[in-house]
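Chemist: Quick one: this structure, given as structure tokens, is what I'll be asking you about.
Since every read-out is calculated from the coordinates, none of them should be taken as a lab result. In this text, all values refer to a predicted model and were calculated from it rather than measured experimentally. With ideal geometry, Cβ positions are generated from the backbone for all residues, glycine too; neighbour counts draw on all protein chains shown.
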Amino acid sequence: MSQKDNKGITVKKGDDFSEWYTQVLQKAELIDYSPVSGCYILRPSAYHIWESVQQFFDKLIKADGVKNAYFPLFIPENLLTKEKQHVEGFAPEVAWVTHGGNTHLQERLAVRPTSETIMYDSYAKWIRSHKDLPLRLNQWCNVVRWEFKHPVPFLRSREFLWQEGHTCFATPEEADAEAERILGFYERVFRELYAIPVLKGKKSSQEKFAGADYTLSVEAFLPNGKAIQGATSHHLGQNFSKAFNISFTDQQGKASYAYQNSWGISTRSIGIMILMHGDDKGLVIPPRVAEKQVVIVPILFDDSKKKVLSEVQKIKENLEKLGFRVHVDDREEYSPGWKFNEWEVKGVPVRIELGPKDLEKKKAVAVRRDTGEKKAISLAKISKEIPSLLDTIQNDLLQKAEKFLKSSIVSVSTLKEAEQAFKQGKLVSASWCGSKECEESFKEKTGAKSLNSPLVNGKVSGNCFACKKKAVAQFYFGKSY
């Protein structure tokens, strides 16, 4: 590979958001394109981020009593069509298998767009009594959703990775409590791993999951003035349990249908992180999800190479003993400046530079990826100061994102004020009637849609900002992916 092979990002994030995103994905070696449109290869640095989410979230749900399982990729057509609203919501996105080799299948098989139907067929067999409840399973898997014209890596792909939790309860109160609790777990994923604040709330009836009584979501707001849904937690009521006959005898011996939830977060969340924190130099990765948290670049000369590399190895080993992920870039065919640029594009949180002059002073130079700030650190204190620096970067990224979100929310009372806010790349908070007709009219006029209504929603009075009918809730609205 020549030094021409990895130039920096050639467009500014604020000038061409789409081109900037495409360059970052490829030059930071997060994804590669496959021969199938809309299906992408996750390279190790991207997959590590997803593994970090898996480990964090898996620990939370297992501590909460959820167990992992795995269900088939293929769903018989008769199962997929059992719940009417559900199949109508997913019909345009389903990829179908019609042949096995040269043999035409008697019944088409859907390639899993989501697993409610294949899982609930089994739930109906497993649940007989109130003693079988609650049943709370989760699976980590891939899904395929085919219908869209412009795929975007992470944000809108035909195949993506996710987890999907599917649970059954004897009472609606238990299901309600879990739906909200899981939403809190998703908020923690975004805040504690991705350093992204989210709006937690309830979706409108038009934007809820097909077949759900209601949908809860976490929504992020990005620097390009667009909102994006981060994860969802659906209360399915008894809609699926009636369709699939998931019934049980209660403690009084009466037959009842189970109350159900489903909930999921996907690799879309990686795209949200990239768009939120990245800058004109490339990727900025929060330390907690970075495959490489620290990169050490030794400045090498023939007469001092051995001493410098010896010290670099000590730094690496000491940080690794503390549990940090450290990489030494001792390639001699590249200049230090070229390496600095490469690791900036790839978003490694901290770069340590060490040369013979630094060695004489018994210091190394630490450089923050997020701010570019340089700091000389005593070699004797590196094992103490680098962990502290990584924590500071993680917290500063969150605080910066929180400040941006807070400054982006504009309260409005009229449609005209909302239109003006959207033109300025803002997020709108308004009293709303919640009607389907109003939402459709609003989307047509502004290109924006409802996001969610805060879970802690104070008493709403007055009229809808858009149609002037009686308002029923406070809602967030925005241009959205």
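Chemist: Would you kindly compute the Cα radius of gyration of segment 207-246 and its largest Cα-Cα separation (Dmax), both in Å?
Modeler: Computed over the Cα atoms of segment 207-246, radius of gyration and Dmax are 14.0, 46 Å.
Chemist: For the pairs 316/346; 292/381; 226/384; 59/479; 12/426, note any where the Cα-Cα span goes beyond 30 Å.
Modeler: On the way: 316/346 19 Å; 292/381 21 Å; 226/384 39 Å; 59/479 34 Å; 12/426 20 Å.
Pairs exceeding 30 Å: 226/384; 59/479.
Chemist: How would you rank 204-211, 253-260, highest first, on the average number of other Cβ atoms within 10 Å across their residues?
Modeler: 204-211, 253-260
Chemist: Please order 50, 20, 126 by the number of other Cβ within 10 Å, starting at the fewest. Could you put the intermediate results ahead of the total?
Modeler: On the way: 50 18, 20 23, 126 11.
Exposure proxy ranking, most exposed first: 126, 50, 20.
Chemist: Which order do 103, 114 fall in if you start with the one that has the fewest other Cβ atoms within 10 Å? Mind showing how you got there, number by number?
Modeler: On the way: 103 7, 114 25.
The order, fewest Cβ neighbours first, is 103, 114.
Chemist: Under 19 Å Cα to Cα from residue 449, which aspartates and glutamates show up? Leave out anything in the same chain fewer than 8 places away.
Modeler: Within the straight-line cut-off, residue 449 pairs with 207, 219, 417, 419, 437, 439, 440.
Chemist: Run the quick spin-label model on residue 391 and residue 149: label points 7 Å from Cα toward the beta carbon, then report their separation in nm to one decimal.
Modeler: 5.2 nm
Chemist: Along the charge dipole of the chain, Cβ charges K/R +1 and D/E -1, which of 66, 425, 228 sits furthest on the positive end?
Modeler: Towards the positive end, the residue furthest out is 425.
Chemist: Let me know the whole percent of all Cα-Cα pairs from segment 54-159 that are separated by more than 18 Å. Write out the running numbers ahead of the final one.
Modeler: Values: 3382 of 5565 pairs.
Cα-Cα pairs in segment 54-159 separated by more than 18 Å: 61 percent.
Chemist: Related question: Are there trypsin sites (Lys or Arg not before Pro) in segment 161-194 that DSSP puts in a loop and that have at most 16 other Cβ atoms within 10 Å, and which ones?
Modeler: Numbers: sites: 181, 188, 191; in loops: none.
The qualifying sites: there are none.
Chemist: Here is a further query. Taking H as built 1.01 Å from N, whose amide H comes closer than 5 Å to the amide H of residue 327, not counting residues under 5 places away?
Modeler: Close amide H contacts, sequence-distant or interchain: 294, 295, 296.
Chemist: If you plug each phi of segment 462-478 into the Karplus form 6.51 cos²θ - 1.76 cosθ + 1.60 with θ = phi - 60°, what whole-Hz ³J(HN,Hα) values come out, in order, with x for Gly and Pro?
Modeler: x, 10, 5, 5, 9, 10, 6, 6, 4, 7, 10, 7, 8, 9, 9, 10, x
Chemist: Evaluate the Kirkwood expression for the hydrodynamic radius of segment 402-481, namely the inverse of the mean inverse distance over all pairs of different C-alpha atoms, and round to one decimal in Å. If you can, show how the numbers build up before the last one.
Modeler: Values: mean 1/r = 0.0800 Å⁻¹.
Here the Kirkwood hydrodynamic radius works out to 12.5 Å.
Chemist: Another one. Would you mind putting 411-422, 283-294 in packing order, based on average other-beta-carbon counts within 10 Å, highest first?
Modeler: Ranked by mean Cβ neighbours within 10 Å, highest first: 283-294, 411-422.
Chemist: Which length gain, in nm to one decimal place, applies between residue 36 and residue 410 when the Cα-Cα distance is subtracted from 0.36 nm times their residue separation? Before the final figure, lay out the partial values.
Modeler: Working: separation 374, 0.36 × 374 = 134.64 nm, distance 4.15 nm.
Full extension from residue 36 to residue 410 adds 130.5 nm.
Chemist: Excluding same-chain residues fewer than 8 positions from residue 67, which aspartates and glutamates have a Cα within less than 12 Å of its Cα?
Modeler: List returned: 58, 164.
Chemist: Past the 25 Å Cα-Cα mark, which pairs from 307/339; 305/361; 13/208?
Modeler: Going by Cα-Cα distance, 13/208 fall outside the 25 Å limit.
Chemist: I need the helices of the chain that pass two filters: whole DSSP H segments spanning 27 Å or more by Cα along the axis, and mean Kyte-Doolittle score no lower than -0.5. Each step should come with its number before you reach the end.
Modeler: Values: long enough: 44-63 (28 Å, -0.21); 382-408 (39 Å, -0.31).
Qualifying helices, which must be both long enough and hydrophobic enough, are 44-63, 382-408.
Chemist: Any idea what the dipole of the chain comes to, in debye rounded to 20, about its Cα centre with Lys/Arg Cβ at +1 and Asp/Glu Cβ at -1?
Modeler: 920 debye
Chemist: Past 29 Å, Cα to Cα: identify those pairs from 403/423; 314/357; 416/459; 202/416; 27/200, in the order given.
Modeler: Numbers: 403/423 20 Å; 314/357 17 Å; 416/459 24 Å; 202/416 25 Å; 27/200 33 Å.
With Cα atoms farther than 29 Å apart: 27/200.
Chemist: OK, next. Between the alpha-carbon centers of segment 222-283 and segment 160-213, tell me the distance in whole angstrom.
Modeler: 5 Å
Chemist: Can you sort 374, 13 from fewest to most other Cβ atoms within 10 Å of each residue's own Cβ?
Modeler: Numbers: 374 11, 13 19.
In order of increasing Cβ crowding within 10 Å: 374, 13.
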